[in-house]
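The values are calculated or read from the model by the stated rules, or taken from the named source; none is laboratory data. Nothing here was measured: the structure is a model prediction, and the numbers come from that model. Reconstructed Cβ throughout: ideal geometry from the backbone, glycine too, with neighbour counts over all protein chains shown.
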């Protein structure tokens, strides 16, 4: 039987999820180009699937690269209940280019739970796929120009319950995939991650933290850039129960650093979201309490040394905002989602931009309101 729908702190691959991660990402990216303090910037386009239906969860995952927007809809029912789908759009016009469906889509596969795009290849996670047993999970690669499937990715040691594909990232021809619930030498549910050659679909390495432990949820979030892989373990207990941590690895699978916030505490869930670009790692911590219980925060680290150099907190943060529920970084600007912020109504959500080019957390604008 599939697991029950998740709370913000419990992983699952089936059921309806109470979140919209980055529905207005295009608006946020526009704001990056033209920031102004206190300015609210509305969207250039509203993107909708051509065949949208009730409970499709279109927008649960989203990515953009080279003028193409990729959007996951894990609740789509084309191949059965919650089999999932994904869509490609032109960023300049909002016009749909293609709909992505796996060749072997199945009920409860949750295809589209995670998505990434780079250099013409779209990577899509399906953590509920049963290829190696119930909820073992899988991932797929597609040609972004025509929408055809290139490869299906499976971990070399996948088994039932791994949820392989819960998180995914792609950069420079390498695909990184998290298996958040995998059992391994560190215990049940400690989690694993894997790297694949995007051109062949062949597994390159398996990533495990040096000090992993049972129920750490290593692989909850994942990102890759310029040969560095960043992996979040939001339930690690170094600073107390579910305080969270993150790790950095090289492509060969060797751990290079462990990231911990300078003020970490129990239930912070540091590592809930993660991003990396240009030598900077950004990590979301949705349970941090600086602006009230579960108001959330984010941190910046040097990828080369693992040293923290900034903590990011919104000027209007409040209790239960879950700031840090999603995160992205590009060219010195960090965009962070707070999916339960109440700016335009209960849990309506917000996103924020921060200028980090000077190594300080200077908020420059709220990029967009994310409707729940």
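Structure data summary
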{"read-out": "Exclusive hit being surrounded by fewer than 23 Cβ atoms within 10 Å (Cβ to Cβ), modelled with pLDDT under 95 and in a helix (DSSP H, G or I), set 32, 41, 54", "value": "32"}
{"read-out": "Filtered residue count, the stretch 277-303, keeping only those that are part of a strand (DSSP E or B) and surrounded by 24 or more Cβ atoms within 10 Å (Cβ to Cβ)", "value": "10"}
{"read-out": "Only one of 145, 181 that is touching a residue at least 60 places away in the same chain (Cβ under 8 Å) and either surrounded by 22 or more Cβ atoms within 10 Å (Cβ to Cβ) or not in a strand (DSSP E or B) (or both)", "value": "181"}
{"read-out": "Matching residues in the stretch 304-355 - criterion: being surrounded by fewer than 16 Cβ atoms within 10 Å (Cβ to Cβ) and not in a loop (DSSP other than H, G, I, E, B)", "value": "309, 330"}
{"read-out": "Test: residue 76 is at pLDDT below 95, more than 26 Å from residue 191 (Cα to Cα) and buried (at least 24 other Cβ atoms within 10 Å of the Cβ)", "value": "yes"}
{"read-out": "Criterion violated by residue 86 - all others in (1) more than 20 Å from residue 165 (Cα to Cα); (2) under 19 Å from the mean Cα position of the chain (by Cα) satisfied", "value": "(1)"}
{"read-out": "Looking only at the stretch 95-105, and only at residues there that are assigned to a loop (DSSP other than H, G, I, E, B) and at pLDDT 95 or above, the one that is surrounded by the most Cβ atoms within 10 Å (Cβ to Cβ)", "value": "102"}
{"read-out": "All strands (runs of 3 or more DSSP E) inside the stretch 207-255 with 3 or more residues being closer than 20 Å to residue 113 by Cβ and under 18 Å from the mean Cα position of the chain (by Cα)", "value": "218-225, 228-233"}
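A quick yes/no check of all residues on (1) over 20 Å from residue 228 (Cβ atoms); (2) in contact (Cβ under 8 Å) with a residue 12 or more places away in the chain; (3) out of contact with any helix residue (DSSP H, G or I) (no Cβ under 7 Å at 6 or more places or on another chain):
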residue	(1), (2), (3)
267	yes, yes, yes
275	no, yes, yes
302	no, yes, yes
307	no, no, yes
339	yes, yes, yes
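Conditions (1) in contact with a strand residue (DSSP E or B) (Cβ under 6 Å, 6 or more places away or on another chain); (2) in a strand (DSSP E or B); (3) modelled with pLDDT under 95; (4) crowded, with 24+ Cβ neighbours inside 10 Å, marked per residue:
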{"residue": "93", "(1), (2), (3), (4)": "no, no, yes, no"}
{"residue": "107", "(1), (2), (3), (4)": "yes, no, no, no"}
{"residue": "115", "(1), (2), (3), (4)": "yes, yes, no, yes"}
{"residue": "123", "(1), (2), (3), (4)": "yes, yes, no, yes"}
{"residue": "129", "(1), (2), (3), (4)": "yes, no, no, yes"}
{"residue": "140", "(1), (2), (3), (4)": "yes, yes, no, yes"}
{"residue": "158", "(1), (2), (3), (4)": "yes, no, no, no"}
